[in-house]
Amino acid sequence: MLDVFFLGTGGIMPTRERNVPAIALRYGGEVLLFDVGEGTIRQMNTAKLSPMRIEKIFITHFHGDHYLGLAALIQTMNLWKRRRPLHIYGPERTIEFVQNFLSSGFFRSGFEVHVHEIGEVRLKFRGYEVWSFEVEHGVPALGYVFKENDRRGKFLPEKLAQYSLRPGPLLGRLEREGVLKINGREVHIEDVTGPRRKGVKVVYSGDTRPAERTALFARNADLLVHDATYLSPADRGESYHSTVEEACALAERADVKLLALFHRAFRYGYDEYASAASEICRSLGVEFLVPRDFDALTFGPKGRKLWRLVR
Ligand SMILES: [Zn+2]
Ligand SMILES: [Zn+2]
């Protein structure tokens, strides 16, 4: 089961209604944080999400709205006597920026902070992978894919019966090793299971103009969280951001199952933005969501559910 928490959904600067970007993914008891806008620690407190569960932080780029909450988050972890190391991933110059940040003031960390400067990589962890890809934002910037590992199909009772297999050590061995010999005959796990179950795929573009690279990495995603800062190209001007229409068109091209329109500019109120967005996305046939701070999505065995962390 995977939970996606929208902790800050606005872009550029916080408003009364929404904070700057931070998205937390909860998977298997661990919390992964994507971007840490200023005030993320408070958003986590309000949402009753423990920062102590964070193992890895992925920064898309070093504009203030995406990372200024990092020092406060690390200092708070330290106050709570964290001892486990923390891993921070980000684009070119991440080491320099994080070091500058952590060496300011009188603060000294009581735990190790490992900083990983990455380009386009595929990181393998227990049960999932994180892939990074380059986006177009005028400064070094990455988007990220969280991909849960695919799982084997369910055991099919009629197939198990054909091989006289029942729950027990023999079946356990087949599950571990993938193949067994029964009466001189090889049985592969695929012979007795249904189709493989696809792991959940969540993609976060960070700040970017619409980019083919994003469409490529977002193919068939269960959720794409995409920059949709502006409602019109006139509002966007020359900035390296996307409009709602561009985000929808990209989601449609990439066969994304659900698009979250993210990083809305502070000039738009929720209702104004959501009603304009719904007209645009509906005309393109894209299923979409305009998340508010503290909205959450759960991807579980029974499908997808939208709920709120704070009532
Ligand atoms: Zn931004
Ligand atoms: Zn930016």
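The values are calculated or read from the model by the stated rules, or taken from the named source; none is laboratory data. All of these numbers come straight from a predicted model, not from anything done at the bench. Cβ sites come from the backbone with ideal geometry, for glycine too, and all protein chains shown count toward neighbours. Heads up: the accessible areas ignore ligands, DNA and RNA and are worked out on the full protein's heavy atoms, side chains in. Shrake-Rupley method; radii C 1.70, N 1.55, O 1.52, S 1.80 Å.
Helical content of the chain, expressed as a calculated mean residue ellipticity at 222 nm, amounts to -7000 deg cm²/dmol (DSSP H runs of 4 or more residues, -39,500 (n - 2.57) each, divided by residue number, nearest 500).
In this simple spin-label approximation, Asp191 and Arg267 carry label points 7 Å from Cα along the Cα→Cβ vector, and these lie 6.6 nm apart.
A crude spin-label estimate for the pair Gln99 and Lys257, with each label 7 Å from Cα along the Cβ direction, gives 4.3 nm. Taking the protein heavy atoms of the chain in the context of the full set of protein chains, the accessible area attributed to carbon and sulfur is 51 percent at 1.4 Å. Counting charges near Pro140 (Lys, Arg +1; Asp, Glu -1) among other residues having Cβ under 9 Å from its Cβ returns a value of -1. Restricting the GluC sites (Glu not before Pro) of the stretch 218-257 to loop positions (DSSP other than H, G, I, E, B) with no more than 16 neighbouring Cβ atoms within 10 Å leaves Glu238.
Working note: Debye formula, equal point scatterers on the alpha-carbon atoms of the stretch 54-168, no solvent; log10 I(q)/I(0) at q = 0.18, 0.19, 0.23 Å⁻¹ is -0.96, -1.05, -1.32.
With each label modelled as a point 7 angstrom along the Cα→C-beta vector, the Ser275-Val139 pair spans 3.6 nm. Quote the FRET efficiency, to the nearest 0.05, computed for Glu129 versus His87 with a Förster distance R0 of 22 Å and r equal to the Cβ-Cβ distance. The pair Glu129/His87 has a calculated efficiency of 0.90. Remark on the chain: hydrodynamic radius 20.8 angstrom, per the Kirkwood mean of 1/r across alpha carbon pairs. A 1.4 Å probe run over the protein chains yields, for the chain, 49 Å² of accessible area per residue, whole-number rounding.
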